[in-house]
1. Please work out which residue is least open to solvent (accessible area, probe 1.4 Å), limiting yourself to the range 15-54 and to residues that are assigned to a helix (DSSP H, G or I), out of contact with any helix residue (DSSP H, G or I) (no Cβ under 6 Å at 6 or more places or on another chain) and of a type in the set (Gly, Ala, Ser).
2. Among the numbered conditions (1) at pLDDT below 85; (2) of a type outside the set (D, E, K, R); (3) touching an Asp or Glu at 6+ places or on another chain (Cβ under 9 Å), tell me where Ala161 comes up short.
3. Out of everything in the range 96-116 that is hydrophobic (A, V, I, L, M, F, W, C) and buried (at least 21 other Cβ atoms within 10 Å of the Cβ), what residue ends up being farthest from Arg68 (Cα to Cα)?
4. Pull out all pairs, ordered by first then second residue, where Cβ-Cβ is under 7 Å, the residues are six or more apart or on different chains, the first lies in the range 141-167 and is in contact (Cβ under 8 Å) with a residue 12 or more places away in the chain and over 13 Å from Ser179 (Cα atoms), and the second is surrounded by 12 or more Cβ atoms within 10 Å (Cβ to Cβ) and of a type in the set (A, V, I, L, M, F, W, C).
5. Take Ala51 and decide whether it is closer than 14 Å to Val6 by Cα, of a type in the set (Gly, Ala, Ser) and under 16 Å from the mean Cα position of the chain (by Cα).
6. Kindly evaluate Glu224 against the criterion of being touching a strand residue (DSSP E or B) at 6+ places or on another chain (Cβ under 9 Å), at pLDDT 90 or above, crowded, with 19+ Cβ neighbours inside 10 Å and farther than 21 Å from Val90 by Cβ.
Amino acid sequence: MADTHVLFVEDDDVIREATTLALERDGFVVTAMPDGLSGLESFRANRPDIALLDVMVPGMDGVSLCRRIRDESTVPVIMLSARADSIDVVLGLEAGADDYVTKPFDGSVLVARIRAVLRRFGHAGGPQGGGGGDDGDSGERGVLVFGDLEVDTEGMEVRKAGASVALTPTEMRLLLEFSTSPGTVLSRDRLLERVWDYDWGGDTRVVDVHVQRLRTKIGQDRIETVRGFGYKLKA
């Protein structure tokens, strides 16, 4: 991950300095900012490869900063929250964050999460497999069609009623999992493993919030909740 530029926004001086040093030891280039406003300025000036945003920072809180970044870019965002059960976690994900890490965190865990997110974004299309079209109509090669929804698995584009749908790389990977297995119930654990590259237990709220975000873009009734099991794309 050498030369990967990380924007790190954290108001606690000790955490900011210690985390910056830990990331730099792993080969990352880090720009650390103490508040949301300076973080936004740095983002616009430097266009980092990934942003780490603490939820509670002065000037502009992390959730608002995430929302501003997402308005301008699909750069991956990881939120840092002091409490795993905090509503701030959900708010951050709803604002467009791709993942979150709970404080206090181990440096190796943070690096692993950063690398997992960067792998996803480095292969924004996620699982290729132009297959899976058995239940969806296949138009041109690599395009899966579900009613008015078209998923181009090679061009990594989505159209609804002919209009382009803007998805983040994480949302695209999630949709690809559904569209290449239409009608199949996918568990939250499987989605965490396949979309988020988790090889350990993760928080299923990450999946739930991203599914809801995806529904708002492709249609609320397109992805069905199967209680006790997971989700499926209606074939």
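1. Ser42
2. In the conditions (1) at pLDDT below 85; (2) of a type outside the set (D, E, K, R); (3) touching an Asp or Glu at 6+ places or on another chain (Cβ under 9 Å), Ala161 misses (1) alone.
3. Once the filter is applied, the top-ranked residue is Ile114.
4. Taking only residues 6 or more apart or on different chains, the pairs are Lys160/Leu149; Lys160/Ile218; Val165/Val158; Val165/Ile218; Leu167/Val158; Leu167/Leu175.
5. Yes: the conditions hold for Ala51.
6. Criteria not met by Glu224.
The values are calculated or read from the model by the stated rules, or taken from the named source; none is laboratory data. Here the structure is a predicted model, which is why all the values come from computation and not from measurement. No Cβ is skipped: glycine too gets one built from the backbone with ideal geometry, and neighbour counts run over all protein chains shown. The area values use the complete protein model at the heavy-atom level, side chains included, leaving out ligands, DNA and RNA. Shrake-Rupley method; radii C 1.70, N 1.55, O 1.52, S 1.80 Å.
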